[in-house]
1. Starting from the Cα of Asn40, step 7 Å along the direction of its Cβ; do the same at Glu21; then give the gap between the two resulting points in nm.
2. In region 92-195, what is the volume of the convex hull around the alpha carbon atoms, normalised per residue and reported in Å³?
3. Which length gain, in nm to one decimal place, applies between Gln120 and His31 when the Cα-Cα distance is subtracted from 0.36 nm times their residue separation?
4. For Met1 and Cys62, calculate 0.36 nm times their separation in residues minus their Cα-Cα distance, and state this gained length in nm to one decimal.
5. Would you kindly state the longest site-free stretch of the chain, with sites defined as GluC sites (Glu not before Pro) in a DSSP loop (not H, G, I, E, B) surrounded by at most 14 other Cβ atoms within 10 Å?
6. So what J values fall out for region 19-30 if you push phi through Karplus, 6.51 cos²θ - 1.76 cosθ + 1.60 with θ = phi - 60°, rounded to Hz, Gly and Pro as x?
7. Would you kindly calculate the mean projected area, averaged across all directions, of the convex hull enclosing the Cα atoms of region 21-80, in square nanometres?
8. Sum up the charges of everything whose Cβ sits under 10 Å from the Cβ of Gly12, counting Lys and Arg as +1 and Asp and Glu as -1, but leave Gly12 out.
Amino acid sequence: MPHELPELPYPGDALEPYLGEQTLRIHHDRHHQGYVDALNEAEAAIERAREANDLSRARSICDALAFNYSGHLFHSIYWQCMSPDGGGDPTGPLAQQINRDFGSVAGFRAHFVAAANAVQASGWAVLAWQPLGQRLVVLQAEKHQDLAEWGVTPLLVLDVWEHAYYLDYQNERPRFTEGFFEVINWDYAGRRFERA
Ligand code: MN
């Protein structure tokens, strides 16, 4: 089954003024679609290569699989991490775990924003559940997949590629990363945490 682009969970203008409709539409309809299409192409390419018994392009196809799969996954989570009804503070088990692992919600927020602001070039800030240590971690991902920790479950992701904010914020990434907390969907992150 080919991968498919998920619908946005809200209208294109629902996150204004934090994110303009043009930013959101181009990001979802073109960029995310691009990862879906390239992932499907790469999966077909590795299957054809296996069947033809010619794996001479395995390195570049594996690279495309990791890049585009991770891009598709993170964008699919990212749209859900924002809501026109978002903002405020986390509740329930996720709030307790954040307090345990980061001291406070404010401590988590400062850590997450600093990680997002400091991603070199293109990438993501990620709040993830790490089963090995039974704790929450903040990660940076360069591109979509570099510097990942194996086995963690992403709970909350913030795209800091320039296409995510440049029309609205130009080079002022910190205004974009701080504003994320005005639309953050803690209920969605909490449900992911409880499943993890
Ligand atoms: Mn993106």
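1. The modelled label-to-label distance comes out at 2.7 nm.
2. So the per-residue hull volume is 96 Å³.
3. Extra length available between Gln120 and His31 comes to 30.1 nm.
4. Values: separation 61, 0.36 × 61 = 21.96 nm, distance 1.88 nm.
Extra length from Met1 to Cys62 when fully extended: 20.1 nm.
5. The reported range is 8-148.
6. Using θ = phi - 60°, the values come out as 10, x, 4, 5, 4, 5, 5, 4, 4, 6, 6, 10 Hz.
7. On the way: hull surface 16.4 nm².
Hull-based average projected area comes out at 4.1 nm².
8. Once all neighbours under 10 Å are counted, the net charge is -3.
Every number in this text was worked out from the coordinates using simple rules, so none of it is lab data. Just so we're clear, the structure is a prediction, and the values are computed from it rather than from any experiment. Reconstructed Cβ throughout: ideal geometry from the backbone, glycine too, with neighbour counts over all protein chains shown.
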